[in-house]
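Chemist: For reference, the structure I am asking about is given below.
Just so it is clear, none of the values below were taken in a lab; they were calculated from the coordinates. As the structure is a computational prediction, the values presented were derived from the model and not from experiment. Glycine gets a Cβ as well: all are built from the backbone with ideal geometry, and neighbour counts include every protein chain shown.
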Amino acid sequence: MASNEQRIWNYLKSKGLNDFGVAGLMGNLYAESALNPKNLQQTFEKKLGYTDATYTESVDNGTYTNFVKDSAGYGLAQWTYWSRKQNLLNFAQAAGKSIGDLDMQLDFLWKELNDGYRGVLDLLRNATSVLEASNEILFKFERPANQGISVQEKRANYGQVYFDKYASTEKGGDVAMSNSPLVDYTLISPNKTSPRRGEIDTVTIHCVVGQCTVESLGALFAKSSRGASSNYGVGKDGRIGMYVEEKDRAWCSGGKDKNGNPIRVNGISGSDNDHRAITIEVASDTTHPYAVTDAAYEGLIRLLVDICKRNPGIKRLRWLGDKSLVGETDKQNMTVHRWFAYKSCPGDYLYERHSAIAEEVNRRLDAEILETEDDDMDAAKFKEMWLEMRKELQDNDAGQWSEAARAWAISNGLINGNGSTVDGEPNCMWADVLTREQFITVLYRFAQIMGKA
Ligand SMILES: [Zn+2]
């Protein structure tokens, strides 16, 4: 018989959840019960004097009668609250199954999700990452006392194990947009519009106005009262944080003019900008010119190179510092917050370096393309390089040691050169290779001199 995890994966897939959704849900179930449907909450084993097996057996045969009200977590999802345990017990009895039966619990879980968590189910069908699915279950379905970052990461990591093991080989088949593999820290902000409208074709660099870490920036964006976020952040130490996945729109470049009126540039508002842009907040000083550390600058460059590599809508960076080109991404695909709001963002330090940033990012992209081309050496490329090398060998450089022999060969007509001259001398291509055809010609001429041909 298949393992519990295989059976659970197959069951949830058969219900129409996508791979990310199933993995995110399973990671949470693992955290609750290690996927053991007979799991009795550890602390109650001693308190009630039961093991997983004896508790299950006693509920099944009716000798234990306080299942509903004992407040002990039980089963795959560690159902604890009395009304949920009551429903589980009724469901098992109606099905004529043991309270610890895996298939019965999966049916019950599915019924619970359908009855009370339609929004969660929708997300699990369309999730675009394990983390997204896992957090949805954590916050809205399991709701344990501790929902902190370490718990979020732990559960998503459990889910990732199932994803890597069972997801279809075209991983990412479900996702249109990816996230940066350079991310050191993730804390998804509630301040976002999901999904973003349209393609990514722009980047917008912002300054934080504070020499923060990616963790402290994440904590700021985690507050919905803040009403702000960015896709990525770069900390003062150059580490990279993600707060809004690339598939979603961050709330980053919006604002008003100094009279409080909305601003549109070529019909594009700051929030329109965020629908098409990947927004990056960089830790900076709190005063003019809002300088950033060398480490943060380097982190920003690395992140931008990665963004250009992954997003077909931004193959390289273009910057002309011309506000009137907003929206014309074939000419300029970098924008700045100061165009959309009465703000100095990204600060003069970064603003004045936009040309240099674009240049360095493009230089690294070109260098990587060259490297890749070297890997893809083909016959045509080899021929071209071989001819190039022969041209170098033909520049008539010859060693002093062969001087007498060369003079003799020329005076006897053994070697005549290729018809061109170098510094007034016939080009005899001294360092080039000799073909069999040339070899036999030289021999023939030698034989003629000797009167043998
Ligand atoms: Zn800004």
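Chemist: Give the residue from 415, 428, 447 lying farthest towards the positive end of the charge dipole for the stretch 381-449; charges sit on Cβ (+1 for Lys and Arg, -1 for Asp and Glu) and the dipole is referred to the Cα centre.
Modeler: Comparing the listed Cα positions along the dipole, 447 ranks first.
Chemist: Now for a separate question. Quick check: net charge around residue 285, other residues with Cβ under 12 Å of its Cβ, Lys/Arg +1 and Asp/Glu -1?
Modeler: Taking every Cβ under 12 Å from that of residue 285, the sum is 0.
Chemist: Applying a 10 Å radius around every beta-carbon, put 121-132, 218-229 in order of their mean neighbour count, most first.
Modeler: Top to bottom by mean Cβ count within 10 Å: 121-132, 218-229.
Chemist: If R0 is 22 Å, what FRET efficiency do you get for residue 13 and residue 93 from their C-beta distance, rounded to 0.05?
Modeler: 0.20
Chemist: Quick check: Cα centre of the stretch 42-84 to Cα centre of the stretch 292-351, how many Å?
Modeler: Each part reduced to its Cα centre gives a spacing of 58 Å.
Chemist: Once you have the Cα-Cα distance between residue 324 and residue 53, take 0.36 nm times their residue separation minus that, and quote the gain in nm to one decimal.
Modeler: Length gained, residue 324 through residue 53: 90.4 nm.
Chemist: So the label point goes 7 Å from the Cα of residue 199 along Cα→C-beta, right? Which residues of the stretch 247-261 then have their backbone N under 18 Å from it?
Modeler: So the set is 247-249.
Chemist: Show me 437-450, 142-155 ranked by packing, highest mean number of other Cβ atoms within 10 Å first.
Modeler: 142-155, 437-450
Chemist: Let me ask something additional. Can you sort 308, 345 by how many other beta carbons sit within 10 Å, fewest first?
Modeler: 308, 345
Chemist: Given H placed 1.01 Å from N in the peptide plane, which residues other than close sequence neighbours of residue 422 have an amide H under 5 Å from its amide H?
Modeler: Answer set, sorted by chain and number: 427.
Chemist: Cross-link partners among lysines for residue 38, C-alpha distance below 25 Å, same-chain residues fewer than 8 apart left out?
Modeler: 13, 15, 46, 47, 69, 85, 97, 111, 140, 154, 165
Chemist: Further question on the same structure: Short version: ³J(HN,Hα) in whole Hz for each residue of the stretch 198-211, in order, from phi by Karplus 6.51 cos²θ - 1.76 cosθ + 1.60 (θ = phi - 60°), x for Gly and Pro, what are they?
Modeler: Rounded to whole hertz, the list is x, 7, 7, 9, 9, 10, 10, 9, 10, 10, 6, 6, x, 7.
Chemist: How high is the FRET efficiency between residue 103 and residue 126 when r is their beta carbon distance and R₀ equals 35 Å, given to the nearest 0.05?
Modeler: Computed FRET efficiency for residue 103 and residue 126 comes out at 0.85.
Chemist: Per residue of the stretch 389-402, what does 6.51 cos²θ - 1.76 cosθ + 1.60 with θ = phi - 60° give for ³J(HN,Hα)? Whole Hz please, x for Gly and Pro, Karplus curve as stated.
Modeler: Once rounded to whole Hz, the list reads 5, 5, 4, 5, 5, 7, 6, 6, 5, 9, x, 3, 4, 9.
Chemist: Which residues' amide hydrogens lie under 5 Å from the amide hydrogen of residue 256, considering only partners 5 or more residues apart or on another chain, with H built in the peptide plane?
Modeler: 342
Chemist: Can you compute 3J(HN,Hα) from phi for each residue in the stretch 48-54, using the Karplus curve 6.51 cos²θ - 1.76 cosθ + 1.60 with θ = phi - 60°, rounded to whole Hz and x for Gly and Pro?
Modeler: 9, x, 10, 9, 3, 6, 6
Chemist: Amide H neighbours of residue 284 under 5 Å, counting only residues 5+ apart in sequence or on other chains, H built in-plane at 1.01 Å?
Modeler: Under 5 Å from the amide H of residue 284 lie the amide H atoms of 208, 209, 210, 211, 212, each far enough along the sequence or on another chain.
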